[in-house]
Each structure stands twice: as C-alpha cells, then as structure tokens.
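Asker: What follows is a structure written as structure tokens; I'll ask about it next.
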Amino acid sequence: MEENVVGKRVPQVDSWLKVTGTLRYSFDIELPGQLYVALVTSRYAHARIRSVDTSDAIKSPGIVGVFTGKDFPFRIGLYIADRDLLATNKVRWVGHPVAAVVGTSMAAAEEAAEKVSVDYEPLEPVLDVEKAIEKGAPLVHEDMASYNYYKGFINPVPGTNIANDFRLVKGDVSSGFAESNVIVEETFKIPQINHAPMEVQNVLAYWRPDDYVEVWTSAQSPFATRYLTAASLNIPVNRLIVHVPPAGGGFGLKAGIGWEPLAIMISKSLRRPVKLVLSRSEQMTSAPSRDGLVANVKAGFSKDGRFKAYEATFMMDAGAYADYTVNVARTTGYSADGAYDIENISVKSLAIYTNKIPTTAMRGFGHPENHWPLEQVMDRAADMLGLDPVKIREINLHVPGKSVRGTGEPVREYDGNPRGVLEALVKGIGYWEVEKPSEPWKVRAKGLAMLVKAPSQPPNAGASAIVKIDEDGTIDVITGTGSMGQGTPTSLAIIAAEAFGVPVEKVKVNQLEGVSTDQNPYTWQTVGSRGLYSDGIALLRAIEDAKNQIREMASAVFRVPKDDIEIRGGQVYPRTHPEHRLGLKDFAMGYTYPNGNTIGGPVIGRGSYAPVLNTFLDEKGHGHNTVFHTYGGTAVEVEIDLLTGEVRVIKVVQAFDVGRVINLLTLEGQAFGGFIMGMGSALYEEIKFDKQGWVLNPNLTHYYVPRITDLPDEIDAVFLETPQMDGPLGARGIGEHVMIAVAPAISNAIYRGLKVKLNEIPMNAERVWKAIKEQRPELISSAFEQALSRAEEIHV
Amino acid sequence: MREIRLRINGIERELHVEDNETLLEALRNRAGVTSVKAACWRGECGLCTVLLNGRPVKSCSTLAVEADGKTVETAEGLYFDKRAKGLMESFVRNGATQCGFCTPAFVVASHALLLRNPKAEDEDIKEGLKGLICRCGTYVNMMRAVKEARQYYADGKQTA
C-alpha cells in the first residue's frame with residue numbers, strides 16, 4: 001500500500017550512524033603515509049614580510065617540507081580572487097598563514113613550526129570600516145585592479161578598500177522624506193562572529209602519480225570547491241576529484257573555497273598525501289568569520305504609518321579577504337527592504353577590506369545584517385507615530401500579487417503569506433498579554449520581528465539529479481547537495497518515496513557516504529536554503545524521466561497506450577485494468593519476457609534544473625535575481641534583570657511559510673536550533689579585537705556559544721503552507737531563515753518593555769545595563785530599591 | 001613509549017603510547033576508534049567525552065596511561081548496551097541529531113547521566129549535559145530524547 005510520509009516526522013536517514021559515532025566525516029579519513037601540516041601565522045595585523053627563515057625548521061626531525069607564499073603564486077576566491085594560499089609580500093591580519101610546515105606527525109610539524117622565523121616591517125593597520133573608506137587610508141589590497149572577479153555580479157573599486165560597491169535605488173528618497181511626518185535616524189552595529197562548527201575545517205589531499213588529484217574535505221559545496229580550485233590551480237576539472245563526506249556543521253563557513261588549494265599544492269610538491277586540520281584557535285583566527293557591520297539608516301513614515309523612504313549605508317567589515325563577502329554586501333543591499341513596501345529607497349552597501357579576520361557567508365547572509373536595522377526601525381517608528389509594532393507592520397507588509405520589491409521583482413501570489421506569519425506570531429507569543437516577572441527588579445517584555453529571504457545566488461545556479469531502480473525495486477537517489485545536518489538528503493528521500501509510492505526505507509540517498517564530484521551529478525552549492533528546492537525540482541524531473549522509461553516498457557508489456565500506465569505504490573499497471581500489475585523490480589533492468597527477450601534496459605532517470613528567467617542586477621540594483629522567497633518571523637518573551645542587565649529568553653514562537661512541510665521532524669529541529677544560534681549571536685557572541693588587531697577570545701571559553709542551559713522555557717514553531725508554484729511538492733527553503741529575525745525580535749522586546757534602545761549586538765549584560773543606565777537610569781534606581789526592600793524583608 | 005592494556009568497547013587492547021599522549025589521541029590514532037570526536041582539544045567542548053570505568057571523562061584532558069587496566073566506552077561500544085541502545089533510539093526518534101558531530105558525546109554523557117539518575121528532570125539533564133556543545137542547537141530535541149529514554153533506565157542497575 002502507498003505510504004505517504006510527506007509532512008510527518010521522519011528521522012534523518014543517517015541518524016543511526018550519528019548516534020553511534022560511526023558516520024565518517026572527513027575529519028575521520030586518513031590515507032596510509034599521509035603527512036601532517038602545521039601553520040605559521042602572522043603576529044601582525046598589517047606588515048610587510050622582509051624575509052622568512054625556514055632553515056632551522058627544515059632540519060627539524062620528521063620534517064619533509066616547509067613552504068612559504070613564494071612557493072604558491074596563486075590567487076583564489078569565489079566572486080573575487082583576492083586570497084593567497086600563504087601570505088605573499090605582506091600579511092593582512094593577525095592569524096594570516098605565512099608558512100606551512102609538513103612532517104610525519106602533527107607533533108613534529110608543530111615543533112618545527114616554532115622554528116620558522118619571520119622578519120616583519122609593521123605597517124599601519126586598518127581596523128575600522130569607517131576609517132578604511134576615508135581618503136588616504138592605508139590599502140589592504142594595493143593590487144586589487146589585477147584581481148579576477150565575477151563581472152556583472154560585483155563591483156570592486158581599485159585604489160580603495162572597497163571590495164564591492166552595491167546600490168539599490170527606487171523612486172526618490174528626498175521627495176519621500178519631504179512627504180514624511182516622522183523620521184527615524186540611527187546607527188546599528190554588528191560585530192564579527194564565528195561560525196564555530198564543531199568539526200573544524202580539515203582537508204586531506206593527494207596529488208596522485210597519474211596526475212589526478214583527490215581531495216577529502218569538510219565542505220558544503222563539492223562542485224564549487226572543485227571548479228574554483230581547478231580554475232585557480234590550472235588543473236583540468238575532471239582531474240580533480242573532490243570528496244565531500246557529511247560535514248560536522250557548515251553554517252556558510254564551508255561554502256565557497258577553503259583550504260583545499262593549499263593542501264593540494266603541498267601534496268603536489270611532495271607527491272604524498274597531506275592532511276591539514278585546523279586547531280580551534282586557528283579556526284577562530286586564521287579561518288574566515290562572519291562580516292561585521294556598521295549601518296547608518298534613515299527611515300521616513302507618513303502620519304498614517306506608510307513607509308515613505310528608506311536611506312541606508314551598510315558598511316560591511318569584510319576583513320582581509322572578501323571573496324564571498326562581496327556577495328554578502330550585494331545581498332544586504334538588494335534585500336534591504338525586507339518584507340515591506342517602501343515607496344522610495346536609496347541603499348549603498350559596501351564590502352570593505354580591513355586588517356581583521358577574513359569573512360565569508362554565514363547562515364542567511366545579508367539578512368541578519370539588514371533585518372537588524374530594518375526590523376528595529378519599524379518599532380521605533382511605530383512608537384513615534386503612536387501606532388503599535390503590529391499595526392505598522394500590517395500597514396506596510398508585502399501584499400502578494402500586488403507589491404513590488406526594491407529590485408523591481410513582483411511579489412507573487414504564491415510567494416507566501418506574510419500577514420499569516422505576523423498573525424501566528426502575535427497569537428503564539430500572546431503579544432498583548434502582560435506577564436509577571438519572577439522578581440520585582442526584573443521586567444518581562446515581548447517583541448517580534450519579521451523576515452523574508454531568497455537564496456542569494458548567481459543566475460545560473462543549477463542542479464541535477466539521477467534516479468536508479470535496483471534489481472529488487474529499491475531506489476537510489478543521487479544528487480550533488482552536501483549533507484551537514486540540514487536534512488536535505490532525508491527530504492529528497494521522502495520526495496522520491498512519495499513519487500513512487502514506496503516506504504522511505506526503500507530509498508537510498510547517496511549522501512550517506514558523502515558526495516564525490518566524479519560520481520554525483522552537479523549542483524551549484526549547498527547554500528542559501530536552496531538544496532531542497534533546486535535539487536528537489538531536479539529530482540522530480542529525474543523521477544519523471546525514470547517513470548517514462550518504465551511506461552515505455554509497460555506499454556508494450558500490457559499492450560496499452562503509454563499514457564494509461566500508472567506507477568503507484570511501487571507497482572506498475574494499466575490505469576483502466578489495475579488487476580494486471582507488475583512491480584518496479586520487473587522493469588528495473590529492463591523487462592524480460594518469458595522466452596528471454598528483453599526490452600528497455602536498466603532504468604536511469606536524469607533531471608536538471610536552472611533558475612527560471614533570472615538576471616543580473618543593473619546599476620540601480622534592478623533585475624530578477626531570486627527563485628523563491630520564504631517569509632517568516634520570530635516572537636520572543638524576555639526577562640530583563642534591571643540590576644545586572646542580563647536578558648533571558650523565556651518563550652519563543654517562530655513562524656515560517658514553508659510552502660509545504662516535507663519533514664516535520666527536521667523542520668522543527670531547524671527552527672529550534674536556528675533560534676538557539678540566533679540567540680547566541682544576539683546575546684553572547686562577538687570576536688573581540690584589541691587595538692593592534694589581536695583576537696582576544698579565540699577559544700570556546702571566552703567566545704561563548706549557547707549550551708543546553710540557555711534553552712528558553714518554551715519554544716514553538718508554526719508552519720504555514722502557501723504552496724510554492726514551482727517548488728517540489730510546493731516546498732521552499734528554510735534552513736537559514738530560522739536565525740535571521742531573532743536578534744531584532746529580542747531588541748524589540750527590550751525596547752517595548754523599557755523604552756531602551758539597543759543598536760548593537762551582542763546584547764550582553766554589560767551592554768544592556770549600560771544602555772539602561774544611560775537612557776533610563778531611574779529604572780535601575782527603582783529596581784535597586786525593590787531589591788533592597790526584598791533583602792530587608794528576608795533579613796527580618 | 002610504554003605499553004598499556006585496556007578494554008575498549010568490549011575488546012582487550014594493548015597500545016604503545018607516549019607518556020604525554022592523551023587518551024583521545026590514543027583512541028583515535030592508535031586504536032582507530034573514531035566514534036570519539038574532538039573539537040577543541042582543551043576541555044571546552046566536551047565532544048571527546050568517553051566512559052572510563054563507567055565514568056564520563058574528557059579524553060582530551062586524560063592521559064592515555066591513566067586508562068591502563070581500565071575499560072573505555074564510546075558510542076560505538078554503547079550500541080551493544082541494551083539501555084544505551086534504547087537511548088540511541090530515542091535520539092533517532094526525536095530528531096536529536098543534526099550534523100551529528102557532537103552526537104556520540106551527547107549519547108555517552110546522557111547514558112552516564114541516566115545511569116546515575118534514571119529519574120532526571122529538565123534541570124538535572126541541563127546540569128548533566130552543559131559541558132558539551134551542539135552548535136546546531138539540537139538541545140530541545142535532546143531534552144525530549146533523554147526524557148523519553150528514562151524508561152530504559154528505570155530498573156536503576158548499573159552496568160560495569
């Protein structure tokens with residue numbers, strides 16, 4: 001019988017390997033005779049390298065090779081090739097790898113690395129984005145003009161520190177402001193934060209004697225890694241085989257291109273397998289982090305609450321390299337209007353080089369950045385207008401079928417139900433009810449924030465899938481999307497099971513063993529919440545192709561027209577005469593008649609997907625650059641301790657219009673887990689730099705990520721299902737959206753409860769207490785009195 | 001170098017280890033036990049948690065020589081323990097895994113917690129698992145899994 005599991009709770013296909021620790025990550029893979037790499041990293045934020053002395057290191061026991069920047073004269077990068085494999089001529093941040101020491105054991109390599117001495121000529125570092133764009137600021141990349149970049153997609157400005165200058169213009173903001181009755185003008189800030197995946201980045205590379213190159217890497221995107229690496233190192237694409245085992249967390253860090261080129265070139269030099277595993281402190285200083293942000297925004301509203309004009313300058317602190325962050329700036333810019341109809345828009349979004357940790361994509365990139373200001377602007381404006389935060393959103397939220405985004409893209413009927421999301425948040429959190437705090441010196445408050453996000457990708461971001469039927473009628477699904485905990489492989493298995501009408505256990509997805517570029521079909525990247533949608537569409541096309549092959553055969557066998565063949569419940573039969581039936585297995589390797597004649601041959605379905613009618617964006621930021629939008633939002637109830645400034649999240653409700661729930665278990669897991677990650681970035685996380693650009697907290701003690709003790713008392717998620725017209729079974733992506741609105745929801749709750757503005761994250765106790773002290777000192781003194789009288793009561 | 005004898009996941013092993021070698025290094029590099037993970041190598045993240053004579057320890061902060069003559073269990077070995085297998089089933093059923101890199105350590109720590117306190121409530125579970133990090137934030141699902149698994153530990157007897 002058919003078993004429809006769509007929308008039910010289905011454990012991830014690799015759960016048993018995970019609970020027993022037997023899933024093989026690239027971290028666990030070794031080759032006989034492999035060598036180990038230790039990095040020597042820069043102690044200066046900005047310095048010229050006079051010389052590197054490796055003579056002592058190479059003589060150290062167990063050392064096979066020592067390499068410096070001069071050995072590998074390549075530039076690599078996703079959208080702009082701005083990165084060196086090892087520092088050449090100068091170092092650009094504290095942590096910049098200068099030399100790689102290769103030995104027969106990690107201990108030998110680490111010991112020899114201590115013996116490499118580097119002679120530096122310190123240069124003035126640029127550690128502040130606003131100073132970095134002043135005239136005459138020291139340049140982080142003097143040679144920008146010579147870098148290759150993705151023309152039509154980004155716009156670097158050589159001779160400055162601007163790696164990308166993106167503009168979005170709609171209407172005329174000056175007339176919009178002239179028509180406004182209320183103007184909100186604020187500066188918002190976000191620090192650099194670390195992805196902190198539990199599996200550190202690691203690469204095993206082997207340049208084989210036949211000049212094929214094999215790489216095992218903890219990455220998200222096998223094909224982007226292969227193409228970018230091959231192109232930068234002049235390797236024919238099919239001679240580079242990239243194996244991407246399941247990754248122990250990615251969160252954007254492992255998208256694009258990572259440490260593969262360095263490990264490959266070392267292996268090429270030594271002709272032996274080479275493994276590079278970052279230490280946690282290297283992961284937090286030498287590897288990329290999320291961009292920081294300074295945003296100056298000005299928003300005008302008419303007295304009836306209409307959003308008339310929005311002017312914003314986003315200055316993204318891209319750090320020393322911006323090969324992915326150039327698109328973060330672009331994305332921050334083109335989606336700066338969020339879920340709202342804004343009549344006039346003028347946005348300037350800059351990716352700015354500084355002498356800090358290089359940056360890259362992180363979960364939802366561009367959107368945590370632009371929703372942090374936008375969603376707070378809504379609440380501040382509401383307050384000035386005497387409206388409430390819900391009303392002002394109702395007035396300005398996109399109306400599907402009517403609204404037009406800042407890019408000029410229409411908001412389509414099937415894009416989702418933003419008003420439904422808002423209602424679910426208001427109802428779920430009990431927005432109008434007042435809760436009693438646990439102590440008289442604490443305040444309970446509720447706040448919410450909306451979000452919308454589309455995958456941010458180039459217009460040719462394709463996907464493909466293969467479906468095979470095995471001898472016994474079981475099914476193999478092969479796609480190129482990596483597995484990093486997001487659950488896409490399981491969702492693809494559910495889609496295939498539904499399409500053939502078989503139990504999900506009968507479908508095998510290849511990602512259990514990882515993706516290999518020589519065995520799996522292409523998908524652009526495992527990013528942007530695009531996997532389920534893009535690979536899902538390709539998969540359904542592959543299934544249709546396989547079914548057609550079966551129908552061809554069945555038409556001959558049953559002697560009925562092809563169109564009359566049904567394939568359901570794992571069975572094949574004429575629609576009109578269902579009593580004549582055969583199994584999928586009878587066609588798997590072609591149909592064999594009783595006399596041995598065989599027709600058809602093995603069934604193998606293929607399907608491809610490309611974004612439909614997508615374009616580049618023009619100089620005003622206009623064009624059609626998205627494939628679907630997911631609307632959502634976060635509502636929180638927080639308790640603020642007026643004496644300490646500590647903010648605790650008591651209750652959370654998130655709502656998302658996912659189009660169609662494919663796997664409720666994964667979806668809830670994403671919503672809950674994404675909230676936790678969002679809460680970490682909102683309340684705790686910040687890479688701290690000193691005045692010389694040194695990182696003060698490169699470890700998991702002083703860089704605090706949420707633990708189980710930080711769980712809110714109640715956490716819930718609501719899923720709306722406005723089907724995505726072209727989505728697989730109506731579904732759209734969700735993996736990143738779950739953290740985007742968290743920080744502004746918490747800040748809005750604090751503002752609603754205390755009328756204290758917090759324009760900068762993390763909203764840790766110190767910052768919150770200082771903000772209260774500055775803006776509402778009377779709250780602290782009265783809380784203190786409350787506490788004092790309580791203490792007296794207890795004492796008596 | 002010195003020789004140690006220990007029982008790893010039910011099998012007697014002899015390993016030659018350095019005096020300053022950690023139990024984590026010995027397990028992964030010499031015994032080939034990759035179900036024990038590592039993410040910080042300095043006692044911050046808890047992902048290298050194993051049972052040493054039935055007690056949870058961070059193997060990155062334990063010397064291999066300290067395990068001489070003792071039993072060491074990791075998640076792959078707990079698969080053979082009836083109650084731990086029930087716990088694993090609860091993890092699977094409740095979606096308490098995302099990327100899965102921290103999962104074996106959380107299974108080991110939860111098993112130790114439930115052996116000690118089969119009636120663990122929310123606060124006990126938080127206390128028992130706060131030394132470990134799950135960056136995917138699967139904590140809600142883990143709470144559900146551990147609470148559901150209490151049924152398998154209800155008889156209160158300790159396994160060796």
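Asker: Could you derive backbone 3J(HN,Hα) for region A:448-458 from the dihedral phi with the Karplus parameters 6.51, -1.76 and 1.60 (θ = phi - 60°), listing whole Hz in sequence and x where the residue is Gly or Pro?
Answerer: Once θ is set to phi - 60°, the couplings for region A:448-458 become 9, 8, 9, 7, 9, 8, 10, x, 9, 8, x Hz.
Asker: Only Cα pairs under 8 Å and at least 6 apart count here; give the relative contact order of region A:149-237 as a rounded whole percent.
Answerer: Relative contact order here is 12 percent.
Asker: Continuing with this model, one more query. Could you work out Rg/(2.2 N^0.38 Å) for region A:90-133, with Rg from alpha carbons only?
Answerer: 1.63
Asker: In square nanometres, what is one fourth of the surface area of the convex hull spanned by the alpha carbons of region A:548-686?
Answerer: Reported value for the Cα convex hull: 16.4 nm².
Asker: Could you pull out the trypsin sites (Lys or Arg not before Pro) across region A:200-285 that fall in loop regions by DSSP (anything but H, G, I, E, B) with no more than 12 other Cβ atoms inside 10 Å?
Answerer: Those satisfying the criteria are A:271.
Asker: List the lysines whose Cα lies under 21 Å from the Cα of residue A:442, skipping any in the same chain that are fewer than 8 positions away.
Answerer: Leaving aside lysines fewer than 8 places away in the same chain, those within reach of residue A:442 are A:651, A:755, A:757, A:770, A:773.
Asker: Please list A:479-488, A:15-24, A:397-406, A:557-566 highest first by mean number of surrounding beta-carbon atoms within 10 Å per residue.
Answerer: Packing proxy ranking, top to bottom: A:479-488, A:15-24, A:397-406, A:557-566.
Asker: With a cut-off of at most 15 other beta carbons within 10 Å, and DSSP calling the residue loop, which trypsin sites (Lys or Arg not before Pro) in region A:412-471 qualify? Please list them.
Answerer: Here the sparse-neighbourhood loop sites are A:412.
Asker: Step through the residues of region B:73-85 one at a time and calculate ³J(HN,Hα) from phi using the Karplus curve (6.51 cos²θ - 1.76 cosθ + 1.60, θ = phi - 60°), rounding each to whole Hz and writing x for Gly and Pro.
Answerer: Coupling constants for region B:73-85: 10, 10, 4, 5, x, 5, 3, 8, 8, 4, 6, 5, 5 Hz.
Asker: Once you list every other residue whose beta carbon is under 12 Å from the beta carbon of residue B:94, what net charge do they have if Lys and Arg are +1 and Asp and Glu are -1?
Answerer: +1
Asker: Kirkwood hydrodynamic radius, computed over distinct alpha-carbon pairs, for chain A: how many Å, to one decimal?
Answerer: 27.9 Å
Asker: Something else now. Mean 1/r over all different Cα pairs, inverted: what Kirkwood radius does region B:2-74 give, in Å?
Answerer: Computed over region B:2-74, the radius equals 11.7 Å.
Asker: Quick one: which residues, 5 or more positions from residue B:63 or on another chain, have an amide H under 5 Å from its amide H? H modelled 1.01 Å from N in the peptide plane, none for Pro or chain starts.
Answerer: Here the answer is B:23, since their amide H atoms fall under 5 Å of that of residue B:63.
Asker: Lys/Arg Cβ at +1, Asp/Glu Cβ at -1, dipole of region A:406-500 taken about the Cα centre: which of A:450, A:416, A:489 is farthest positive-ward?
Answerer: Looking along the dipole axis, the top candidate is A:450.
Asker: Another question about this same structure. What are the semi-axes of the equivalent ellipsoid for region A:288-397, taken as the square roots of 5 times the Cα gyration tensor eigenvalues, largest first, in whole Å?
Answerer: Output for region A:288-397: semi-axes of 30, 12, 11 Å.
Asker: Of all beta bridges DSSP finds with both residues in the protein assembly as shown, what is the antiparallel percent, to the nearest 5?
Answerer: Here the antiparallel bridges make up roughly 80 percent for the protein assembly as shown.
Asker: Over all directions, how big on average is the projection of the convex hull of the alpha-carbon atoms in region B:78-153, in square nanometres?
Answerer: Over every viewing direction, the Cα hull of region B:78-153 projects on average to 4.2 nm².
Asker: I need the P(r) histogram for region A:45-183: all alpha carbon pairs, bin width 10 Å from 0 out to the longest distance, whole percents.
Answerer: Whole-percent P(r) values from 0 Å outward: 10, 28, 26, 17, 10, 4, 3, 0.
Asker: Let me ask you something else. 5 Å is the cut-off here: which amide hydrogens, built 1.01 Å from N in the peptide plane, fall below it relative to residue A:650, excluding neighbours closer than 5 in sequence?
Answerer: So residue A:650 has HN proximity to A:637, A:638, A:639.
Asker: How large is ³J(HN,Hα) for each residue in region A:584-599, as worked out from phi by the Karplus curve 6.51 cos²θ - 1.76 cosθ + 1.60 (θ = phi - 60°), to whole Hz, x for Gly and Pro?
Answerer: Values per residue, Gly and Pro as x: 4, 4, 5, 10, 4, 10, x, 8, 10, 6, x, 7, x, 4, 10, 10 Hz.
Asker: While we're looking at this one, here's another question. Taking only the Cα atoms of region A:194-328, how large is their convex hull per residue, in Å³?
Answerer: 145 Å³
Asker: A follow-up question, please. Quick one: what Rg and Dmax do you get for region A:498-619 from the alpha carbons, in Å?
Answerer: 17.9, 68
Asker: Around residue A:404, which amide H atoms from residues at least 5 apart in sequence, or from another chain, sit under 5 Å from its own amide H, with H modelled in the peptide plane?
Answerer: Here A:411 satisfy the definition.
Asker: Let me ask something additional. Within 10 Å of each Cβ of A:488-500, how many other protein chain Cβ atoms are there on average?
Answerer: Taking the mean over all residues of the peptide, I get 0.
Asker: Per the Kirkwood formula on distinct C-alpha pairs, the Rh of region A:593-673 is how many angstrom?
Answerer: 19.2 Å
Asker: What is chain A's relative contact order, in percent, from Cα pairs under 8 angstrom and six or more apart in sequence?
Answerer: The value is 16 percent.
Asker: Shifting gears a bit: Which loop trypsin sites (Lys or Arg not before Pro) in region A:572-656, with loop taken from DSSP, have no more than 13 other Cβ atoms within 10 angstrom of their Cβ?
Answerer: For trypsin sites (Lys or Arg not before Pro) across region A:572-656 that sit outside H, G, I, E and B with at most 13 neighbouring Cβ atoms in 10 Å, the list reads A:575.
Asker: In percent, how large is the relative contact order of region B:2-74, given Cα pairs closer than 8 Å and 6 or more residues apart?
Answerer: Relative contact order comes out at 39 percent.
Asker: Which residue fluctuates the most in chain B, going by a Gaussian network model with Cα springs under 10 Å, if the choices are B:48, B:134, B:102?
Answerer: Among B:48, B:134, B:102, the largest GNM mean-square fluctuation belongs to B:134.
Asker: For region A:676-789, what is the largest minus smallest coordinate of the Cα atoms on each principal axis, given in angstrom and ordered from greatest to least?
Answerer: Principal-axis extents of the Cα atoms in region A:676-789, largest first: 59, 40, 26 Å.
Asker: Now for a different question. List every DSSP H helix in chain A whose Cα atoms extend 30 Å or more along the helix's own long axis and whose mean Kyte-Doolittle hydropathy is at least -1.0.
Answerer: A:531-558
Where a number appears in this text, it was derived from the coordinates with a stated rule and is not lab data. From a predicted model like this one, the values you see are computed outputs, not experimental measurements. Cβ: placed from backbone, ideal geometry, glycine included. Neighbour counts: every protein chain shown.
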